[in-house]
Every structure is written in structure tokens, then in C-alpha cells.
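Below: the structure, in C-alpha cells.
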Amino acid sequence: MPQLAKLIYGRNLEVMALELSQELGIAAEPILSSCFPDGESKVHIAGEIEGYSLLILLSLGNPVNDHLMELVLTADAVRAEGAKSVTAILPYMAYARQDRRDSSGDPRSAQVVARIFTAVGIDRLITVDLHTPALESAFSTPLTNLTTEDIFLPAIKSATRDVVVVSPDAGGLKRAQSVAKALGAEMAIALKERTTPKNVSGRKVLGNVRDKACLIIDDMASTGETLSTAAAALRDEGATKLFAVFTHAVMAPGAGEKISEAGFEKIFVSDSIPLPRPDSFTIVKLSPIIADALRRSIKPREKIIP
Ligand code: R5P
């Protein structure tokens, strides 16, 4: 049964919040967040909350832990005020890469974050291109994960023709496979080995890319090493044009330059993380598909105003 909804948002996604507010016809108000001198986070929610179906929109990009605290404190605040339900819309979900223990002594960080969400009363999640879809099982709450195809297919179709879809590593194979299937395209994989958190080696390509245009699909770019290494490997194997799609611009310092210098014809990225990125990147907005995901379950403000 649709509920009367209200959107509250972190300042880092003000543009997306206003787009969603317009698309859905619901009120949007910012989370008032600040910091104590010792670094503790503080949030305050000013508007009326009781009885509303609350949507919290926040991107968990850098500074990750500050944004995470902003989210969980906000969820607790709206629960305390009597929100009927709490949906967290997280265009970028931090900690999703740490979903398994690489060695003994490591935590299962993604699962820890999922448990915190439940503890503070978040009862539904909308995420975008989760690092691994298997992570959905870590959350006890209903989760809608919007995929690369949901976001980028129209943009890819209008900019490319006859591309080989390339996964830049074995972990991204399923994502690239889905895009290749949607395009009816051939596939290849660039094999990579991460030597340190900031360095990637590996130049082997499985699949035929000679004299072909290639489209690399990844969920995120952090240092830009994965994309630039894959681009070099594809060029060595005789690829002609290169395109790249990645959903989350995590963008460590220097990543923008590294990706720009890799010689891509076109680079598509979503606005899931509003950090600075080169003007040459084509930004694909998430608000239309997030609005579609929400539309069925909320009641717009306009319907109750006489
Ligand atoms: C790795 O598993 C991810 O899917 C990305 O390929 C990776 O996080 C990109 O990072 P970077 O830009 O630092 O190579």
C-alpha cells in the first residue's frame, strides 16, 4: 500500500534530491549535519516526520565514514520521530568491496555495515551497481539493486556500434556478460592482478579484440589503474577504438588524469558520487531510474493537497 513519502538528503546529493523531488512530486529537505570539534558527527532533521514513509538519499563516497555516520544517525533520528518506514537510497554503497575475508584476521566489513543498517531501523535499501550482487544476501531488508544496464544501456547504444564488451578483471565478468547480452555483443576479459591497493599489473586478454572497438565495463574507478591497464592491454592486442563505462567515480587523487590519458573515445560515468571529475567524462544521471524504482511504493504530495 503506497505511503505518503518525504525525501531527506545529504548535502552531497542536493542536485539528485531536487530532481527526485520533482519527478516524484514529494517534499525534499536536507539533513542538517555538522561536526563537533573532536570530529563526532551530529545530525538534525528539522521537518515533520511522524507517519511519513521516509526516503534518505545519501552517497557514501569520500569521506566515507562521515557519510556512513550521517546515514545511520539520520535513520535513528527519523525512527525516533515516528517515521512509518525508512528507505535508504544509496547511489554509492561504501564497504561493498570488503564482502569477504582475504585472510584470517580480516573482518567481513560489508556484512558489518548491513547489520548496522538493520539495527538503526532501515527497512528497505535501494543501491546502484553493488560491487557484487551476492552481497544482497548480507542484508536482511528488501534491497533493489539497479544495474549497469538499467543505467547506461541507452547511452551506450547511442554512442557505440559493434563493440566487444570487455570485463577488466575476472570479478566483473557477470556485469560485463549482462551488458554484452543486452547488446548482443561479443565478450573479452582483460586479466588483472592487483599487486598493491594502488597498483595493478596484468596485460593478458582472453577473447578476440583485433581490429575491433571495445567497451570496458566496470563498477568503479578508484585509482584508475584497472581501466588504464585494461586499455593498454586491449591496444596491445590490436583493438581500434576504446570506450569505458563505470558507475562509481570513487576517484582517488590522480585517477582523472590517468583515465583521461588512457585514450578512451568516450567515458560514461553516473552521478552516484559527486566528486570532481574531468569535463570530458559523460555523466549519466541516476534520478530517472531511482524514481522508477520508487514510484510504485510511494504516494506523491500532490495527491493529498486539496
Ligand atoms: C575491483 O574489483 C573493482 O571492480 C574495480 O575494478 C576496482 O575497484 C577499480 O579500482 P582502481 O581504479 O583503483 O583500479
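Any read-out appearing in this document is the output of simple, stated calculations on the displayed coordinates, not a laboratory observation. Small disclaimer: the values here were computed from a predicted structure and weren't measured. Note that we place each Cβ from the backbone using ideal geometry, even for glycine, and neighbour counts take in every protein chain shown.
Checking the a/c ratio against 1.5 first, then a/b against b/c, what shape does the Cα gyration tensor give for the range 132-246? Oblate.
Once you keep just the Cα pairs under 8 angstrom separated by 6 or more residues, what percentage relative contact order results for the chain? Intermediate results must be reported in sequence, preceding the final value.
Working: 639 pairs, mean separation 47.8, N = 306.
Relative contact order, the chain: 16 percent.
Multiplying the residue separation of ASP76 and ALA170 by 0.36 nm and removing their Cα-Cα distance gives an extension gain of 30.0 nm. Structural size metrics of the chain, computed from C-alpha coordinates, are Rg and Dmax of 20.2, 65 Å. Net length available on complete extension from LYS258 to PHE36 is 76.3 nm, with 0.36 nm assigned per residue and the Cα-Cα distance removed.
Taking the DSSP beta bridges in the range 84-221 as the whole, what percent of them are antiparallel, to the nearest 5? Approximately 30 percent, going by the DSSP bridge assignments.
Neighbour counts of C-beta atoms inside 10 Å place TYR92, TYR9 in the sequence TYR9, TYR92, starting with the fewest. Residues whose amide H comes within less than 5 Å of that of GLN98, counting only those at least five positions distant or on another chain, are ALA110 (H built at 1.01 Å from N in the peptide plane).
In this structure, the residue pairs whose Cα-Cα separation is over 30 Å, taken from LYS181/LYS241; LYS192/LYS266; LYS157/LYS204; LYS42/LYS84; LYS6/LYS174; LYS42/LYS192, are LYS6/LYS174; LYS42/LYS192.
Bridge orientation summary for the chain: considering DSSP beta bridges with both residues in this region, about 20 percent are antiparallel.
Taking a sphere under 9 Å around the Cβ of PRO30 and counting the other residues whose Cβ falls inside, with K and R at +1 and D and E at -1, yields a net charge of -1.
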